[in-house]
Amino acid sequence: MNDGIKPVVSFVKDVPVQAQVDVLVVGGGPAGVAAAVTAARQGARVFLAEACPFFGGLGTAALVPAFMTFTDGEHFLAGGVGKEVYDKTNENRPSYVPPTSIQVEQLKRVYDDMVSDAGVDFRFETKLVGLLQDGGRVTHGIFSGKTDLFAVGASVVIDATGDALVCHMAGAPCEKGDEEGRMMAGTLCALWAGIEWDLRDGPANARLEQAFEDGVFTSLDRHLPGVWRVGGHLGGTNIGHAYGVDGTNEASLTKALVFSRKLLLEYERYYKEYVRGYAHMEPVVTGAMGIRETRRIAGDYVLTIEDFHARAVFADEIGRYCYPVDIHASTSGQKSYEKFREEHTNFRYQKGESYGIPYRSLLPKSLDNVLAAGRSISTDRYMQSSVRVMPGCFITGQAAGAAAALCKGNGTVRSVEISALRAALIAAGAYLPPVE
């Protein structure tokens, strides 16, 4: 009897240093791509490590069907790298495909070209497995590739993993989920063919309650985000929540994936039998598990819901954003859904309104040369649910890349002059109105 104590083994290995760079970016989603491209364009030597065989994060690996909003209705908030991605993905796009829908293979090529053209040294199929540190400085990332383990040394490290993995491994404080550790439900997005868009005549959830009564679903999930048009007869779905999934735990992810692949059969029946326009739909492919929330760093400043309500402005502002509060429920049931609906309806902006994102929210406590970018920056859960979408990730990734390039000589992220950072971001195309 071992009283639940797991055995351990010791593993020691000499690891070759494959590169020594100014900026190491871990994670090639929208935040990581924006960070790497921006830093390289400002003259930094950059290494970008991505675990998947392509860039894009959940927009490609998980088949999330839409970017969400880039603008506040008056200003293009995700200016710079975000605007480039928006423009490139809308070149020669059919008029029937909405401008924020994601055509996956096209988006992969756009990211490939942007990163390559910027002169970034990058590797796919490359996973972070460890770090070397000197106090509050991360000196090397240890990676597992297809060949063997290798190290990359860097002056500055940008954590664009989405899970705050670098910060967590380095011992920086992080938070995860609500007070009880519960996180937003995940979704297994998918592509479907055979959709007859012209026959649709109402909201997809109109007959959901009837389907519940008819026993179509094993889980009474009233939140149905729906289907985005991504091709002539092709649609991307963001339907069916996997409750209780922990995106930082491979056993939990495995269970959620197996459950969700079966769950999609129930949604296929629902759409075919209860919703017009989907009688001939057929599944094409599902993606990786769509995870909305895992770790958030404890940073020098925590962006909160009070900042959202105040349309906050900060002296060290590196961008502004406007997406509403969008906390998908952690549990199923009517009460959880009503709470989501109330917040998602009431916690949103009018045209032209936005909140600022301070540079301090990118700075993990206890680390001197690490920046966070993307959904794991320092926020409360309300603000994480807003800034987590792809245009928000472009904004924070671009800022992290610009800051890393500015402090590449000494690698101390708190030494960055805010006026110089804002000037660099404005020159890169960021939307940054004057602040007092």
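The values are calculated or read from the model by the stated rules, or taken from the named source; none is laboratory data. It should be emphasised that the depicted structure is a prediction, and the values quoted were computed from it without experimental measurement. With ideal geometry, Cβ positions are generated from the backbone for all residues, glycine too; neighbour counts draw on all protein chains shown.
Observations, loosely collected:
- Here Gln18 fits the description: surrounded by fewer than 24 Cβ atoms within 10 Å (Cβ to Cβ) and over 21 Å from Thr412 (Cβ atoms).
- Considering region 117-188, the qualifying strands (runs of 3 or more DSSP E), each wholly inside and each with 2 or more residues that are within 17 Å of Leu363 (Cβ to Cβ) and under 19 Å from the mean Cα position of the chain (by Cα), run over 149-159, 174-176.
- Region 397-412 residues that are in contact (Cβ under 8 Å) with a residue 40 or more places away in the chain, paired with ones that are buried (at least 24 other Cβ atoms within 10 Å of the Cβ) and of a type in the set (Ser, Thr, Tyr) (beta carbon under 6 Å, 6 or more apart): Gln398/Thr38; Gly401/Thr38; Ala402/Thr38
- Some residue of region 321-336 being outside the structural domain of His168 (by TED's automatic domain parsing), more than 28 Å from Asp159 (Cβ to Cβ), modelled with pLDDT under 95 and charged (D, E, K, R): yes
- Test for Ser252: is it under 30 Å from Ser376 (Cα atoms), among the small types (Gly, Ala, Ser) and either over 20 Å from the mean Cα position of the chain (by Cα) or surrounded by fewer than 16 Cβ atoms within 10 Å (Cβ to Cβ) (or both): no
- In region 87-97, the residues that are surrounded by fewer than 14 Cβ atoms within 10 Å (Cβ to Cβ) and touching a Lys or Arg at 6+ places or on another chain (Cβ under 9 Å): Tyr96
- Annotation note: Cβ proximity below 7 Å between a residue of region 68-86 that is acidic (Asp, Glu) and a residue that is outside any loop (DSSP other than H, G, I, E, B) (sequence gap 6+ or interchain) occurs for Glu84/Met114.
- Inside region 87-107, residues that are closer than 21 Å to Thr396 by Cα and without any contact (Cβ under 8 Å) to a residue 60 or more places away in the chain make up a count of 5.
- Residue under evaluation Thr147, criteria (1) of a type in the set (S, T, N, Q); (2) at pLDDT below 95; (3) crowded, with 19+ Cβ neighbours inside 10 Å, criterion not met: (3)
- Failed criterion for Glu306 (all others in (1) touching a residue at least 24 places away in the same chain (Cβ under 8 Å); (2) under 26 Å from Ala172 (Cα atoms) hold): (1)
- Region 294-399 holds strands (runs of 3 or more DSSP E) entirely within its bounds, and those carrying 3 or more residues that are out of contact with any Cys (no Cβ under 9 Å at 6 or more places or on another chain) map to 317-321, 355-358.
- Cross-chain or 6+ apart pairs with Cβ under 6 Å, region 27-44 first and over 15 Å from Glu84 (Cα atoms) and assigned by TED's automatic domain parsing to the domain that holds Ser144, then at pLDDT 95 or above and among the acidic types (Asp, Glu): Gly28/Glu50; Ala44/Asp22
- Within region 351-368, residues that are closer than 19 Å to His75 by Cα reach partners that are among the charged types (D, E, K, R) and in a strand (DSSP E or B) with beta carbons closer than 8 Å, at six or more positions or on different chains, in the pairs Ser354/Arg320; Tyr355/Arg320; Gly356/Glu317; Gly356/Arg320; Ile357/Glu317; Ile357/Arg320; Pro358/Glu317.
- Leu188, sole failed condition from (1) touching a Leu at 6+ places or on another chain (Cβ under 9 Å); (2) over 30 Å from Ala279 (Cα atoms); (3) not basic (Lys, Arg): (2)
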